[in-house]
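> Provided herewith is a single structure, encoded as C-alpha cells, for subsequent inquiry.
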Amino acid sequence: MRVLKGIGVFKGIAFGKFRMLQKSDFNIQKKAIENLEKEIARYRDANEIVLKELDKLYQKAMETVGDDEAMIFQIHQMMLKDIDFVSCIEETIKNEMVNAEYSVHKACEKFSQLFSSMEDSYMKERASDVKDISYKLILTLGNVSEDNKYKKVNSNLFCIVGADDLTPGETLQMDKTNVRGFATIQGSSNSHTAILARTMNIPAVVGLGSQLKPEYDGCEMIVDGFSGTVYINPDITTVKRLKKKKELCDHQNELLQSLKGKANITKDGKTVKIYANVGSPADLDGVIKNDAGGIGLFRSEFLYLRRNNYPSEEEQFKVYKSAAIKMKDKPIIIRTMDIGADKKADYFDLPCEANPAMGYRAIRICLDRPLIFKTQLRAIYRASAFGKISLMFPMIISREEVARAKEIAREVREELDRENIAYDKGVKIGVMIETPAAVMISDELAKEVDFFSIGTNDLTQYTLAIDRQNNKISGMYNPYHRAVIRMIKIVIDNAHKNGIWVGICGELAADESLTGIFLAMGVDELSMSAPFVLGIRKKMLEIDVDEIKDQILSEIEF
C-alpha cells in the first residue's frame, strides 16, 4: 500500500480503480515557414474549428450541468478571441517566420505565466484555462484527436479519475455515472477539478504532485477527501476503516439533506440568517441547491476581469438582473467592485505599487473615478427592480468615504428618476468592515448605513500585519487571534447600539468551531461558500446560546 498526501477539496470517501488521463504526447518544434499568409490562415482556420467545438461543448453543458457551469466554455471562447492572445500568436508567426504550433505554445507560456504569477488564487487557476485552449489549438493544427483517452473512463468500471489537472472539456466528455472520485497532480480549491467536485458532490484530492504516477493506472484506489489522502492498493485494514468512515459520511449527508427547508433556529429559539458567497454567476445554482437564505456577498469584480475594457452598464445590468430573477425573493448583497491589489485589469492602468493590498483599490478607485462607479451603480439599481438587492462598499476606512459613496448613489437615483427608469426605492446600503480603522469607528459608520458585513480574511491580515499570501509567514496567520475575535465583538456591539444588523462574510463564517462564539456575540447573518450552508445550519440547531453565552463572552471581554 502507498499513501499519498494532497489537498482535499470535497469531503467524502471514494473507492475505485485508478484511471489516469494523459494528454497526447507530442513535441512542439519550432519550424521555419516560407508562406506567411498560408500559416496565418492555417492558424485562423484552427481557431475557428476550436471555437465551434467549444460552442458544441457549451450546448452540451447547458443540457447536462446547467447554464452557470456551461459559462466556462464561453469564457474559453472569449480567451481564444482575446486581442492580446491572438496578437501574440500572429506577431510571433510574422516576426519570427515560424509555424503556428510553436507560436501558440509561446503565447501559452507567456499568458499562463502571467496568470500563475498573480496573488489571487482564483486568477492563478486561470492559467489552466490558457493551457487548455492552447492545447486544443495545437491538437487541431496537428489534426490529432483527444477521443482515445476517455475510453478507460467511459468503461463499465467504477473509477477514480486522475490527471495533471482536469479541464472543463475533459470532465464534460466523461461518462460521470462511473466516476467515483478525482485525484490530480496539480490544482487547488479554485481549480476546475475542485469546482466540478463540489458541483457533482464527488470526493477529490488535488495537488498531489509527483506522488501521483501514471504507472498507478489500473490500481485499486481510495480517495479520502476529508484528510486529503489517497491510498494506492490499500490493505484490508485500511479498506475496512474507510468503508466505516464512508458509511458514517453518507449517513451524515442524508441528515444534512433533510435540513433543506428548515429554519436556522438554535435550541433556545434564536434565529440567524445563513447566506452564501458568490464569485460569479456559475455559483448561483449552488446557492439554490444548498438552500441558502440569500447571497451575503456577490463579488462583482468578476465582471471587470479577463477582458480588455470596462463592462458597459447594459452588460452589468443583465448579469445582476439575471441573478435577481434566479434568486426570486431571496436577498442579494452586491459588493461594488474590489479591483486592485491582486485583482488586476490592465485597462484600469493602475500604478505599480510596493504594497498593493494597502494601495489604490476598491472604494478608493470608485471615488477617484466616479464615472466608472456610476456605471456600476446604475446597473445595480436598475436590476433592483427585479429582486431584493442591496449595495455594499468595500475597504472603508472613514465616515467621509461612506458619505461620498452615498452621495454618488443619490445622484444615480436622481438620474434614473429623470429618465423614468424603474428601480427599488428601498435599496439598502452597507459597508464591509475589513480594516482596523473601520472597526474602531464602527459606532460612527453605523449611523451612515443599514448594515455591516465583516470581511474576516482582510481584517485578520490587516490586524496582524501578516500577508496571508506570504508562505514564509503563513504559519503566523491566525484568524482565531484574540484581537480578531474582539474586533468582531466590537463591530457587532456598535451595530446593534445603532439599530443596524451585522453579518460575517469571510472564511470564518463557515468555521463550525466558531459558530457558537458568533451566535453568543449576537451576529445576525453568516455568509459562506454554498456547500457549507447545511453544515452550519446543523451546527446552529445543536447550540443553546443562553447556555454558552456567559462563558464565551467572559473569555472575549477585555
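Yes/no matrix, rows are residues, columns are (1) touching a residue at least 12 places away in the same chain (Cβ under 8 Å); (2) more than 30 Å from CYS249 (Cα to Cα); (3) in contact with a Phe, Trp or Tyr (Cβ under 7 Å, 6 or more places away or on another chain):
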{"site": "ARG2", "(1), (2), (3)": "yes, no, no"}
{"site": "GLY6", "(1), (2), (3)": "yes, no, no"}
{"site": "LYS11", "(1), (2), (3)": "yes, no, yes"}
{"site": "PHE15", "(1), (2), (3)": "yes, no, no"}
{"site": "GLN22", "(1), (2), (3)": "yes, yes, no"}
{"site": "ILE40", "(1), (2), (3)": "yes, yes, no"}
{"site": "ARG44", "(1), (2), (3)": "no, yes, no"}
{"site": "ILE49", "(1), (2), (3)": "yes, yes, no"}
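> LEU416 fails exactly one of the following numbered conditions: (1) open to solvent by 70 Å² or more (accessible area, probe 1.4 Å); (2) modelled with pLDDT of 95 or more; (3) not basic (Lys, Arg). What is the number of that condition?
Just one mismatch for LEU416, condition (1).
> Restricting to the range 344-390, what's the tally of residues that are open to solvent by less than 30 Å² (accessible area, probe 1.4 Å), touching a residue at least 24 places away in the same chain (Cβ under 8 Å) and not in a helix (DSSP H, G or I)?
6
> Could I ask something else about it? Return yes or no: is LYS30 in a loop (DSSP other than H, G, I, E, B), modelled with pLDDT of 85 or more and in contact with a helix residue (DSSP H, G or I) (Cβ under 7 Å, 6 or more places away or on another chain)?
yes
> Among what's in the range 81-112 and is surrounded by fewer than 18 Cβ atoms within 10 Å (Cβ to Cβ), over 17 Å from ALA32 (Cβ atoms) and of a type in the set (A, V, I, L, M), pick the residue that is farthest from the chain's Cα centre (by Cα).
VAL86
> Tell me, which residue of the range 442-457 that is touching a helix residue (DSSP H, G or I) at 6+ places or on another chain (Cβ under 6 Å) and of a type in the set (D, E, K, R) is most open to solvent (accessible area, probe 1.4 Å)?
Step by step, filter the range 442-457, then rank; the result is GLU444.
> Within the range 297-340, which residues are open to solvent by 10 Å² or more (accessible area, probe 1.4 Å) and either on the phi > 0 side of the Ramachandran plot or of a type in the set (A, V, I, L, M, F, W, C) (or both)?
Scanning the range 297-340 gives PHE302, LEU303, LEU305, ARG306, PHE317, VAL319, ILE325, LYS328.
> Quick check on TYR275: is it in contact with a helix residue (DSSP H, G or I) (Cβ under 9 Å, 6 or more places away or on another chain), aromatic (Phe, Trp, Tyr) and modelled with pLDDT under 95?
When the stated conditions are applied, TYR275 does not pass them.
> Pairs, please: C-beta under 7 Å, at least 6 apart or cross-chain, first residue among the basic types (Lys, Arg) and modelled with pLDDT under 90 and in the range 539-558, second surrounded by 14 or more Cβ atoms within 10 Å (Cβ to Cβ) and in a helix (DSSP H, G or I)?
These pairs meet every condition: LYS549/ALA520.
> Restricting to the range 33-62, give me the number of residues that are among the hydroxyl-bearing types (Ser, Thr, Tyr) and at pLDDT 90 or above.
So the count comes out to 1.
> Mind counting the residues in the range 177-211 that are modelled with pLDDT of 75 or more, touching an Asp or Glu at 6+ places or on another chain (Cβ under 7 Å) and buried (at least 23 other Cβ atoms within 10 Å of the Cβ)?
Selection size over the range 177-211: 2.
> Another question, if that's okay. Looking at LYS17 and the list (1) over 25 Å from PHE111 (Cβ atoms); (2) modelled with pLDDT of 90 or more; (3) among the charged types (D, E, K, R); (4) open to solvent by 80 Å² or more (accessible area, probe 1.4 Å), which single condition is not satisfied?
Looking at each condition in turn, LYS17 falls short on (4).
> Checking the conditions here, which among VAL439, VAL402, VAL427, VAL431 is under 30 Å from the mean Cα position of the chain (by Cα) and open to solvent by 10 Å² or more (accessible area, probe 1.4 Å)?
VAL427 is the lone residue from the list that is under 30 Å from the mean Cα position of the chain (by Cα) and open to solvent by 10 Å² or more (accessible area, probe 1.4 Å).
> Need pairs with beta-carbon distance below 7 Å; first residue within 30 Å of TYR231 (Cα to Cα) and within the range 243-270, second open to solvent by less than 100 Å² (accessible area, probe 1.4 Å) and not basic (Lys, Arg); sequence gap 6+ or separate chains.
Pairs that qualify, where the first residue is within 30 Å of TYR231 (Cα to Cα) and the partner is open to solvent by less than 100 Å² (accessible area, probe 1.4 Å) and not basic (Lys, Arg), are LYS245/ILE13; LYS246/ILE13; CYS249/GLY12; CYS249/ILE13; LEU256/LEU534; LEU256/GLY535.
The values are calculated or read from the model by the stated rules, or taken from the named source; none is laboratory data. Computed from a predicted structure; not experimentally measured. Counting neighbours? That spans all protein chains shown, and the Cβs are built from the backbone with ideal geometry, glycine included. Ligands, DNA and RNA are excluded from the accessible area calculation, which covers all protein heavy atoms including side chains. Shrake-Rupley method; radii C 1.70, N 1.55, O 1.52, S 1.80 Å.
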